[in-house]
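Have a look at the structure below before the remarks.
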Amino acid sequence: MLLHGFTQTGRLWGPFGEQLRTSRTIIGIDLPGHAGSDSVRADLATTAGLVGEAVQATIGTEHCDLLGYSLGARVALHVATGTKLALNRLIVIGASGGLEDPEQRSLRRQADEGIADALEASGDVDSFIDRWLAGPMFARLSKSAESGERKRNSAAGLASSLRLNGLGTQEPLWERLLALPVPMLALAGTDDARFGAHALRLARLASHGVASLVPGGGHAVHLAQPDHVWRLVSHWLSAV
């Protein structure tokens, strides 16, 4: 099961996703507020439950591996620590266990609310996506290859995702990782220093956690360095 990042869709996994499909059966969904789930409104805990329902509807009671990137990683951590979905392994890319300072969470929520309000007021998804991808976190991505799929999203849907699933809405999950029942691989790019530190902390806390930092990779390291990330993921899945 693959869970995408903010402004993406269940189809936007690039060459990394194509390599993954050569050896595994993939379930890719659009998260609430995105593409085919544009009208769905759900917070992180509710989204985690919806992911569990989607897996059970597709494969029944069989176990699965769960991979989430950024927004999808937030959801994946909620699935792994807050639902009864039968998981084999967990992989997170660009993940955080949450902001521990209540004031920081409040400021982040306010900032996301402002972005959501401006996006809804303009209704201009194309310009919003262009500005989003122009940020330093995505400096290594090919913008033209990604922007078309991202522009399938709507202003209202993306605004709802910011309000309901932004980092400021996430209650800290760090302590829950102490009881994480499945092995976890946490990945981040070396150019994404903040999330690199998060990956190392996630791995330290989880009883069966491993972290790996990809040289020269930014936030969307699986899209910028697909071959390197595929080798790491493939090796880990084979070994664990």
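The values are calculated or read from the model by the stated rules, or taken from the named source; none is laboratory data. Not measured: the values here are computed from a predicted model. Don't worry about glycine lacking a Cβ; one is built from the backbone with ideal geometry, like all the others, and counts go over all protein chains shown.
Give the residues of the stretch 141-181 that are touching a strand residue (DSSP E or B) at 6+ places or on another chain (Cβ under 9 Å) and surrounded by fewer than 17 Cβ atoms within 10 Å (Cβ to Cβ), sorted by residue number.
Matches in the stretch 141-181: Pro181 only.
For Gly148, are the conditions met, namely being in a helix (DSSP H, G or I) and at pLDDT 95 or above?
No; evaluated as a whole, the condition is false for this residue.
Here are the criteria: (1) closer than 15 Å to Pro226 by Cβ; (2) touching a helix residue (DSSP H, G or I) at 6+ places or on another chain (Cβ under 8 Å). Tell me which single one Glu18 does not satisfy.
Condition not satisfied by Glu18: (2).
Give the residue, chosen from Pro181, Pro136, that is modelled with pLDDT under 95 and either aromatic (Phe, Trp, Tyr) or under 25 Å from Leu237 (Cβ atoms) (or both).
Residue meeting the stated conditions: Pro181.
Okay, residues lined up against (1) within 15 Å of Arg89 (Cα to Cα); (2) in contact with a Cys (Cβ under 9 Å, 6 or more places away or on another chain); (3) part of a helix (DSSP H, G or I):
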site	(1), (2), (3)
Ala186	yes, no, no
Arg194	no, no, yes
Leu200	no, no, yes
Ala211	yes, no, no
His222	no, no, yes
Val229	no, no, yes
His235	yes, no, yes
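Just a yes or no: is a residue in the stretch 130-140 under 21 Å from Ala48 (Cβ atoms) and not aliphatic (A, V, I, L, M)?
No: the stretch 130-140 contains no residue that is under 21 Å from Ala48 (Cβ atoms) and not aliphatic (A, V, I, L, M).
Would a scan of the stretch 112-129 turn up a residue that is of a type outside the set (Lys, Arg), part of a loop (DSSP other than H, G, I, E, B) and over 23 Å from Ser37 (Cβ atoms)?
Checked against the condition, which is being of a type outside the set (Lys, Arg), part of a loop (DSSP other than H, G, I, E, B) and over 23 Å from Ser37 (Cβ atoms), the stretch 112-129 yields no hits at all.
Has the stretch 44-56 got at least one residue that is closer than 30 Å to Ser207 by Cβ, part of a loop (DSSP other than H, G, I, E, B) and of a type in the set (Asp, Glu)?
no
Considering only the stretch 82-111, how many residues are buried (at least 16 other Cβ atoms within 10 Å of the Cβ), touching a Gly at 6+ places or on another chain (Cβ under 9 Å), at pLDDT 95 or above and not in a strand (DSSP E or B)?
Total meeting the criteria: 6.
Assess whether Gly49 counts as being over 17 Å from Pro181 (Cβ atoms), among the small types (Gly, Ala, Ser) and in contact (Cβ under 8 Å) with a residue 24 or more places away in the chain.
yes
Does Arg163 fit the bill of being more than 30 Å from Asp126 (Cβ to Cβ) and assigned to a helix (DSSP H, G or I)?
No.
In the stretch 5-26, what residues are farther than 19 Å from Ala134 by Cα and in contact with a Phe, Trp or Tyr (Cβ under 6 Å, 6 or more places away or on another chain)?
Phe16, Gln19
With respect to Gly17, is the statement that it is in a helix (DSSP H, G or I) and either out of contact with any Lys or Arg (no Cβ under 7 Å at 6 or more places or on another chain) or on the phi > 0 side of the Ramachandran plot (or both) true?
So Gly17 fits the description; yes.
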